[in-house]
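Taking it in order: structure first as structure tokens, then the write-up.
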Amino acid sequence: MENRKIKFRFWDKDLKKMCERKPAYNDFSHKSIIPLEFTGFKDCNGVEVYEGDTLIDVDVTLEENVKREDTKQQVYWCAKDGCWKLDNTFSQNKKEDFYLGKDLKDFRFKVEGNVYENALL
């Protein structure tokens, strides 16, 4: 993987709106702003993947009797392992996960939404 560009987008709790802009002075300490970091990865359609995004497995959703929502997985930073991961649990409790980079390489995932604008559960 080449060097990734460090950038963020921000969830504004008060406005209930995703803000895509350069960081402001207090974005990382403001109680109503949640900074979401770019992972350095893109989905199968070339869309940038950010922390908090929910991805779906494109190939699995094409299978008969598989609900789209059953394939949703949350992107998060795992401090213990020092890497971006996908939560592979239905409850999204981060107890079973996979390395984001490996899954994006091995499977066709696309950004479906994020945990702030589109609830997983």
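Tabulated data for the structure shown
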quantity	calculated
Complete set of residues in the stretch 42-58 that are in contact with a Lys or Arg (Cβ under 8 Å, 6 or more places away or on another chain) and not acidic (Asp, Glu)	CYS44, ASN45, VAL47, VAL49, TYR50, THR54, LEU55, ILE56, VAL58
Hits in the stretch 1-41 - residues which are closer than 16 Å to ASP53 by Cα, in contact with a Leu (Cβ under 9 Å, 6 or more places away or on another chain) and without any contact (Cβ under 8 Å) to a residue 60 or more places away in the chain	PHE8, ARG9, PHE10
First in the stretch 50-64 and within 10 Å of GLN74 (Cα to Cα), second anywhere and at pLDDT below 90 and exposed (fewer than 14 other Cβ atoms within 10 Å of the Cβ), Cβ under 7 Å, 6 or more apart	THR54/ASN118; ILE56/ARG68
In the stretch 45-73, the residues that are at negative phi, within 12 Å of the chain's Cα centre (by Cα) and at pLDDT 90 or above	VAL47, GLU48, VAL49, TYR50, GLU51, ASP53, THR54, LEU55
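The values are calculated or read from the model by the stated rules, or taken from the named source; none is laboratory data. These numbers come from a predicted model, not from an experiment. Reconstructed Cβ throughout: ideal geometry from the backbone, glycine too, with neighbour counts over all protein chains shown.
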